[in-house]
Every structure is written in structure tokens, then in C-alpha cells.
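One structure is given below, encoded as C-alpha cells.
What follows is calculated from the coordinates using simple rules that are stated; it is not laboratory data. None of the values given here were measured: they were computed from a predicted structure. Backbone-built Cβ (ideal geometry, glycine too); neighbour counts: all protein chains shown.
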Amino acid sequence: MLASITRRLERARTVLSRATLVPLLVRGGIAVSLMLAVLVSWPASVVTSELVVPLLAVAAYPAIAPRGRGVTAAILLVVAGWVVDTTWEDARIALWRVLALATLLYLGHTLAALAAVLPYDAVVSVDVVATWLGRAGAVVLISAVLTVVALGLADELSGSAFVIATLVGLAGAVGATMLLTRLLHRTGN
Amino acid sequence: MSGEPLLRAAVPPVEEGSAEDAWTGPAWVPTRALGRTVLLTGLLLVAGVALGRVDLVLLAAPFAIGGALALRRMPRSAPQVTIDADEEHLVEGGSVDGGLTVANPDVIRYDLVVVRTRTSPWLELEKADRPFAVTVPVDGWTGIDLPGDALRWGRHDVGPAAARVAACAGLLACRPVVTPARGVRVYPVTEPFAAVEAMPAAAGLVGNHRSRRPGEGGELAGVRPFAPGDRLRRIDWRVSLRTRDLHVAATLSDRDAEVLLLLDVLGEAGTSGGVKGTASVLDTTVRAAAAIAEHYLKRGDRVSLLEYGAAARRLRPATGRRQYLTVLEWLLDVRADVSDQAPTEHVFGAHHVSSDALVVVLTPLVDPRSADMLASLTQSGRYTVAVDTLPAGAAPPQRSPWTPLATRLWRIERDNVLGRLREHGVPVVTWAGAGSLDLVLRDVARLASAPRGR
């Protein structure tokens, strides 16, 4: 037991001494994105209470282990908070909150994808991070436009939001299935 | 029975499909990020539909859009990694220019290529212990420079290098592509060495050493009366005028000699700290052998090398700059012999060593077999000089409180062996660079001038 703790401490010390700046910044980015997402999504009553500490811990965990399932868990936690806030607390679906959540969740996800393949002690070329963030920015921009248009449309067609959600959701589900099928087809070759 | 002999092809037939099996395509595997993308997109869309919530669908939008953008073009081939290393003559302590090149033959850009390489501990390459993360454009390449220093002689490897690629925004990753190592030859630095003393026996037809036989040469042996057959230009006019009789200057002929460098590789002792640090037995052996060979080859002598160990590698005697380069190349493969197999007698028998050769034995005199070999060489009448290559502070690792005492006893015993060797007429000298061998060569030359035979 003691030996294993010593080994872990030794390993942590090695990791800290060898770590380079860019992978650390990427991991910091994951933690910040997901923690902000938690603060935005959960009801104000929870955020101001002591309950926020474990929530923030779960949100920060993917920064330490970006290869694990912690990222999915943290994102689902954020979504759960959003559903709780808008259903039980009956908060208004504000545009800025949806925009911020979509952006932060995607940033957390894509930075975790980068951190998962980027060793903590790597000598990183600036191109890598610039390209990655550039693509993430483009995706965020497109989805922000979509969000603004869709929420505006939903406000105008108030009452028929359910139909729009159904249609968009079905289209998305079909798209996702096709994506998965195509991928499996390619990797199976 | 048709009566015809059954013939079959001497070459084994190519199995069907083996060519296809040999070419296994690049293995692109989905990462956990792809699984997460699909899961979150599906889950949020289904929840949006079930709860009738547009906002949940909009939360799924970046994941779906990001996934679709990233996967619109799929990678098909694996990256190509090449290792570049210096081909030129490198001397330990000199600088090495290593490098890695990652090429992208694919139709999409590689977002992230993580390249790792291993290098020999004796090549101090900058940041070579860290992975490098780079991007590689479509149909292009990215180079990584690894400048550094070579710390010790020998054949050192740069590599193997492995590259792992993440494409499509990290949704797909390639299995590591490994490139075999590339060898770098680092030649030993030769300590300045000069021996001014005569060779004990110069045997060839031409060369730089004055022999003990009269003949055409530069070294004056004396003046003697003119005899039929003497060249006119040899007449010493001053003596002839004084004595009123023709006298000629007699000279000693110039001969070359053979030098055999016998390298004792039965054991390694001491810690090698590279060119700037402490020298181990093999370091001293190789550097001294290179220096001695360089010196005698420059003087036009024939130099041969022999390993005293189970492998018994041998380099034939030859002369000139070409032989010097061969010697350096041969020295790169000197390794400590760790096998228990004894060096066979017929390889190291005195009959294999030319009777006129000067045998310089580079030995730490740790193994008793080395002392026996030296004694037998001397007994057979070879001109033998032993160079002690054991580092001054060499001692076994401390294993018990008795270790220092045991080491002291061993040192005393070794001194005893050295003394007995000297009694048998084997001069033993500690290697100290220039002029190391002068004193002992003088002794050996004096011994050689005495009548032989026992």
C-alpha cells in the first residue's frame, strides 16, 4: 500500500517536472470550459451552495484524464444541470445560455480530444494548436448562427416549437446514424 | 503410370493472397472522442425529440457539425517516417546532426503527428527524449531537427522512431508507424602519441626504421675501406684524403616493421563517462589502439590488430592511410567479451604472431588468462609490451563491509602479477598518452639486440 503510494507520488513528480507548457494549457482549457459550463447550466441556487464543489470537481476531472470516460460524464452532468434548471426550476431558455453552453461543451470536448493524443511532455508546434482551435472556432461559429436562427424561429412560431424540434431532431438522428454507418464501412475495409 | 518423371518447381509457389496479406493497409481506428461525439449527438437529439426541446437539439449541433466537417474526408494511408543521421566521419566529442522527417502521402491534412524516437545514451541529442507534436500538410512533409553531440566512440543508433497520427480533429487515430534505427559511426578520439625509440626488429624491405643490418639507408653505421661493388657516391672523401686510401661511409638499411596490437576484451571495468568523463578499460584500449596505430601507420609500418576474447576478431597487417581507416572502423566493434568461453589456444598461439612483430598488448590484467597469454608470448621470444589499461580508481561495487578489504587484497595480488610479469621480461606500462611506450620500447630494443635463443 505504502509502496504503491510512493510510486504514484514519484510518478506525479516526474510528470510535473517533465510537463511542457502547451499540453498544460490545453488541459487547463478543458477544465475551464467544463467548469464554466457547469456554472452556466446548473440553477443559481445550486451554484451558490456548497453542492457546487463536487460538481466542479467532476467538471475538472477530464483535465487530468482526458482519455477516459470522464469527459462524457462531465458533459452529461452539464446537460443534466441544464435540464434540471429549465424543467424543475422553470428558468427561461435564454439565448446567451444556450450559446455559451454549446460553445463551452464543444470546446471542452475538442480540447479533450486533442489532449488525449497529445503527450504531456511533448514539444508542440504552434501550428497544431492554431489549426485545432481554428477548426473549433469555425464549428462554434456555424452552430452559433444555427442557434440564433433556430431560437428566433422558435420564438416566432411559438407553440409549434415541438414540431420544429421533432423535425430537426429526426434529421439529426438520421444524419448521426448515416455518419456512424459510413465510418464503420470505411474502417471495416 | 505415365512413366514421365514427376517434376516440381525448385522455387516454392507463391501462395494465393499472400501479396495482399503482406500489404496490410494503414490501420485507422476511431478514438474515444468519436464515440463521445456519436453518443452525445444521438442522446441530445433523442432527448430533444422526446422532451420537445429545441435547445437540446442546438446543444447537439456543434458535435454533429464538428463530426461531419471532420469526417467529410477520410484518411487512407499511413505516414512515412524517415530518420536522418550524419554519414560523415564523426569523432567523439563532435557534433551530430540528426533529424526526423514525417511525410504525408494522404489526401487529408494530418492534424497532429506525435513522433517519438529513441537514441543511444552516447548521443546527446537536443530534446530527443521528448515526443514532438507537429502537423503535416497534404502531400507534404515536416522535418524535426535533432542537433547534438556524440559523447563516446562506437556504433550508435538514432531510432527506432514511432509516429502516431491523429486526423479528422482527433476522431481517428493511426496505429503507430515504426521506422528502424539508423546507425551513426563515431570514431575514437586519438590521444597524441609518439614513440621515438627504435623498433626492436624492423623486418620489411623498405621503411623508416633503421635496421641492425647494413645496407642502403640514411643512418651512419661507420666508415670502412672501399671494396669492389661499393658505389662511388658512398666514398667518404674527407677520410680517404686523410688516410690516403679510399674509404666509404657504411649505413644501416631502413626497414619497416610490423606492429600487432592485441586488445584484451575479456572484461570491462570502470565507468565510461564519454569523451569528457572518466575512461573505462575499453575506452582506454580503443583510444590507445587508435593512437598507436595512427603513429606507426604514419611512419609506414604494417599494423595488425587482434582481439583477445572468444570472438578473436583479427585485422590483417597492412600499411597506409587506408589501413588506418580500416583500423578505426574495426575498433568501433570492440565489445567486452561476456561469455565464459575461453579464448582458444590455436588462435592465440605464438605461431600466429610474426616473430619480428612488436606485440603491444592492451590489457587491464584483470583476468588471469591475460597474464598467462603475456607470459607465453614472451616465452616464445616475441617482443611484447603490455599497456595497463585499468583505470586508477576502478573498484567493484560495494556489496558488503568486506568489499574494500577484498578490493585491497585483489589489488595487492594484481601488483604481484605485474611484478612477476616484469621478472619474466614483460614490460608493463600504464597508458599515459604521448611517450607512454618510449621507456619500455628502449628496454625491448635492448633485449632484441642481444643474441636470441635460449
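Averaged over its residues, how many other protein chain Cβ atoms are within 10 Å of peptide B:63-75's Cβ atoms? Walk me through the numbers before you get to the answer.
Numbers: counts 10, 9, 9, 11, 6, 5, 4, 4, 5, 0, 0, 6, 1.
Across B:63-75, the average partner-chain Cβ count within 10 Å equals 5.
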In nanometres, the difference between 0.36 nm per residue of separation and the alpha-carbon distance of B:Ala336 and B:Glu126 is 72.7 nm
Hey, can you grab everything whose amide H is under 5 Å from the amide H of B:Thr119? Only 5+ residues off in sequence or another chain; H modelled, so Pro and N-termini drop out.
B:Gly159
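Order the peptides B:370-378, B:325-333 from the highest to the lowest mean number of other Cβ atoms within 10 Å of their residues. Before the final figure, lay out each step's value.
Values: B:370-378: 19.8, B:325-333: 17.2.
Listed from highest to lowest mean packing, they are B:370-378, B:325-333.
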Sort the following peptides by mean Cβ neighbour count (other Cβ atoms within 10 Å, averaged over residues), highest first: A:91-99, B:289-297, B:234-242.
B:289-297, A:91-99, B:234-242
Students often check this: by mean Cβ neighbours within 10 Å, which of B:257-263, B:223-229 ranks highest, and how do the rest follow?
B:257-263, B:223-229
Mind checking A:125-135 for the average number of partner chain beta-carbons within 10 Å of each residue's beta-carbon?
4
As an exercise, use a Förster radius of 51 Å and the Cβ-Cβ distance of A:Thr48 and B:Val91 to find the FRET efficiency, rounded to the nearest 0.05.
0.15
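Using R₀ = 45 Å, calculate the FRET efficiency as 1/(1 + (r/R₀)^6) where r is the Cβ-Cβ separation of B:Ser240 and B:His424; round to 0.05. Let's see the in-between values first.
Numbers: r = 50 Å, r/R0 = 1.11.
Taking R0 as 45 Å, the efficiency between B:Ser240 and B:His424 is 0.35.
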Difference of contour (0.36 nm per residue) and Cα-Cα distance, B:Val29 to B:Arg175
51.8 nm
Inverse mean reciprocal Cα-Cα distance (Kirkwood Rh) of segment A:14-101, Å:
13.8 Å
So if R0 is 25 Å, what FRET efficiency would A:Arg18 and A:Asp127 give, r being the distance between their Cβ atoms, rounded to the nearest 0.05?
0.65
